[in-house]
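Step one of this worksheet: look at the structure below.
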Amino acid sequence: MANDVIIALDFPTREETLTFLDRFPDGERKPFVKTGMELFYAGGPSIVREIKARGHKIFLDLKLHDIPNTVKRAMSVLSGLDVDMVNLHAAGGSVMMKAALEGLTRPDGSRPMLIAVTQLTSTDSAMLKNELLIDTPMAETVLSYARTAAASGLDGVVCSPLEAALVKERCGEAFCTVTPGIRFAGSAAGDQKRVMSPEQAAKNGCDYIVMGRPITQALDPAEAYRRACRDFLGLQA
C-alpha cells in the first residue's frame, strides 16, 4: 500500500477545478485528488473522466448509504469510471457493504479500493451522544464500524487521524486508514472537530491524508501540496 496525500477538489464547477489543477507544474508528480458530492453533482461523470485523463488518481467521495440492492447497482455504475477509490457509510451495515463490493467488482475481477466512512470528522462526542443517540465513546464506535467493514471484505475506512492507530492495531496493518481533518500546524481547524497535522498523522499510522482548504485556498497551492508531501511522506513532491 502506497501512502499518499489526497487533495479534496471542493469546487462547484468544472472550470474552477481544471484551473486549480493547471496550477501544478508539468513534470512534477500528479496529485491524488478527491472528487466529492459538490463537484460530482455539478459536473457528473464527465468531470471525473476528464481529471482521470489528466493522469490523476481519484478518490470518488460520494458516501453511498441506501438499501443493499440500490448501493450494489450504483457501485456497478461507478466501477466504470476507472477511479481508484470509492466509499460508503459503514452505518449501512454489513449486508449493504458486501453488496457494494459485489457491485463494484468488474467481470475481470478488478475494482477500485472500497472504504467505509465511520464517523465524520465534523462529529464530536457531544453530537454523537446527544444527536445521534450513540452512548458508546467515539473511539469504540469508530472501531466497531471498522471491524464490520473489515469483516465485510472492504479495504479500509475513513476515520479521523485520532482513531487511525487504534484501527490499525485492531484490524491489522494492511487495513487502510484514510484520514480527513488534516491541517498544517498552526492552521485554523474550520468546521473540523478532530484534527491533526500531517506530521502527527504520519506518526499515528495514517495511510492517506485528505487535505482541502489548506491546499486549495493557499496562495501557492503547488507549494502547499509539496509541504504536505514533505511533512507526511518525507519526500519532495
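The values are calculated or read from the model by the stated rules, or taken from the named source; none is laboratory data. What you see is a predicted model; the values in this text were computed from it and never measured. Glycine gets a Cβ as well: all are built from the backbone with ideal geometry, and neighbour counts include every protein chain shown. Keep in mind that these areas ignore ligands, DNA and RNA; they rest on the heavy atoms of the full protein, side chains included. Shrake-Rupley method; radii C 1.70, N 1.55, O 1.52, S 1.80 Å.
Would you pick out the residues in region 114-125 that are among the hydrophobic types (A, V, I, L, M, F, W, C) and at pLDDT 90 or above?
Matches in region 114-125: 114, 115, 116, 117.
The strands (runs of 3 or more DSSP E) found entirely in region 72-169 that carry 1 or more residues being small (Gly, Ala, Ser) are 113-117, 156-158.
Within the option set 190, 186, 181, 156, being at pLDDT below 95 and open to solvent by less than 40 Å² (accessible area, probe 1.4 Å) holds for one residue only, 181. Per the listing 165, 146, the residue uniquely touching a strand residue (DSSP E or B) at 6+ places or on another chain (Cβ under 7 Å) and in contact (Cβ under 8 Å) with a residue 40 or more places away in the chain is 146.
Taking the criterion of being under 26 Å from residue 174 (Cβ atoms) and without any contact (Cβ under 8 Å) to a residue 40 or more places away in the chain, the residues of region 101-135 that qualify are 102, 103, 104, 105, 106, 107, 108, 109, 110, 111, 120.
Number of residues in region 114-135 that are buried (at least 23 other Cβ atoms within 10 Å of the Cβ) and over 17 Å from residue 92 (Cβ atoms): the value is 1. When region 1-59 is limited to residues that are open to solvent by less than 10 Å² (accessible area, probe 1.4 Å) and part of a loop (DSSP other than H, G, I, E, B), the one that is nearest to residue 83 (Cα to Cα) turns out to be 56.
Go through 43, 27 for me and flag whichever is at pLDDT below 95 and on the phi > 0 side of the Ramachandran plot. Spell out how you get there, then give the answer.
Working: 43 fails: on the phi > 0 side of the Ramachandran plot.
The match here is 27.
From the set of residues in region 207-237 that are part of a loop (DSSP other than H, G, I, E, B) and closer than 20 Å to residue 161 by Cα, which is most open to solvent (accessible area, probe 1.4 Å)? The residue in question is 234. Residue 138 meets all of the listed conditions (1) open to solvent by 40 Å² or more (accessible area, probe 1.4 Å); (2) over 18 Å from the mean Cα position of the chain (by Cα); (3) of a type in the set (A, V, I, L, M, F, W, C) but one, namely (1).
Output the residues belonging to region 62-76 that are open to solvent by 10 Å² or more (accessible area, probe 1.4 Å), under 14 Å from residue 114 (Cα atoms) and either in contact with a strand residue (DSSP E or B) (Cβ under 7 Å, 6 or more places away or on another chain) or not basic (Lys, Arg) (or both).
First pass over region 62-76, keeping only residues open to solvent by 10 Å² or more (accessible area, probe 1.4 Å): 62-70, 72-74, 76.
Checking the rest, the ones that are also under 14 Å from residue 114 (Cα atoms) come to 62-65, 72, 74, 76.
Selection gives 62, 63, 64, 65, 74, 76.
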